[in-house]
Amino acid sequence: MPRIAVGIEYHGGAYAGWQVQPGLRTLQGVLEAAVGRVAAQPIKLTCAGRTDAGVHAVGQVAHFDTEARRTPRGWMLGTNTYLPPDVSVRWAREVPAHFHARHSAQSRTYWYLVANGLGRSALAAGRAAMIHPPLDAQRMGAAARLLLGEHDFSAFRAAECQARSPVRRLEELAVVRHGDWLAIRATANAFLHHMVRNIAGLLIAVGQGKAPPEWAAAVLESRDRTRGAATAAPEGLYLWSVRYAPEFDLPSAPRSSWAMIPGSYVVV
């Protein structure tokens, strides 16, 4: 039975997260319904990372098995015909049977976007966290560097996190500013539940001058979630890309620094 991988983009504001939940509108729900209409049979999607309510994606990846035969173009355009405007399939590929959107992923990259200007941005509403007092990106960057590497990230996991191990390898954690826009970019082999938003909350607190950069190391070493900052708002978080082995020949991760907010351009 053929296995199809798809790249998905969405604005998560109108959804109760990725995973199907009874009585709630979810991304998995609307996508499975749309793909199922193209396949003319029920479809079950497995994604690379289950995003929470209000969280967005530029490069979500999912796979499904089907007996239906369609071209990649047919899967993409046909599915988009049945999707709402805030969800789209950007590409489709047939992949080997051993490909798995979640387990085959080598790393995931998230961006956390902040509109950091004195005035309120109408266009950023629902697309970025809005913080008016100036954030010190250099202080935030210094704190971020203390979290790099393989660690026990218990201090940055949600209480309801179901991961068997809190150990993760944080390959990149960068803070970039362009004008009134600030982006936190994080890449790891995998992330714990709320890990990126909890890290973003800590870096924002450091950027506001509420704590020194060294606080990041102290929180990490404590392995105690109560020692950290408040969880950052979901609307600033984007699943930006997922990296797989070249053998799967999937479209490359987005290289553009387009921040999905008209008028903003974050240089990376």
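For this structure, a couple of remarks:
- For the range 242-268, filtering for residues that are modelled with pLDDT under 95 and either among the small types (G, A, S) or in a helix (DSSP H, G or I) (or both) leaves 7.
- Within the range 97-115, being surrounded by 12 or more Cβ atoms within 10 Å (Cβ to Cβ), over 15 Å from the mean Cα position of the chain (by Cα), small (G, A, S) and not in a strand (DSSP E or B) holds for one residue alone: S104.
- Of all residues in the range 1-19 being among the hydrophobic types (A, V, I, L, M, F, W, C), buried (at least 17 other Cβ atoms within 10 Å of the Cβ) and farther than 16 Å from W91 by Cα, the one that is nearest to the chain's Cα centre (by Cα): W18
- When the range 41-95 is limited to residues that are among the aromatic types (F, W, Y) and crowded, with 18+ Cβ neighbours inside 10 Å, the one that is farthest from Y15 (Cα to Cα) turns out to be W75.
- Close pairs from the range 64-85: first modelled with pLDDT of 95 or more, partner surrounded by fewer than 17 Cβ atoms within 10 Å (Cβ to Cβ) and not in a loop (DSSP other than H, G, I, E, B), Cβ under 6 Å, at least 6 apart: N80/S88; Y82/R37
- Neighbours by Cβ (under 9 Å, 6+ apart or cross-chain): first from the range 116-132, outside the structural domain of I204 (by TED's automatic domain parsing) and in a loop (DSSP other than H, G, I, E, B); second small (G, A, S) and at pLDDT 95 or above: none
- Residue within the range 130-147 that is under 23 Å from G12 (Cβ atoms) and in contact with a strand residue (DSSP E or B) (Cβ under 7 Å, 6 or more places away or on another chain) present: yes
- The residues of the range 20-40 that are surrounded by 14 or more Cβ atoms within 10 Å (Cβ to Cβ) and either at positive phi or within 16 Å of the chain's Cα centre (by Cα) (or both), listed by number, are T26, L27, Q28.
The values are calculated or read from the model by the stated rules, or taken from the named source; none is laboratory data. Bear in mind that the values here come from a model prediction, so they are computed numbers and not experimental data. Positions of Cβ are backbone-derived with ideal geometry, glycine not excepted, and every protein chain shown enters the neighbour counts.
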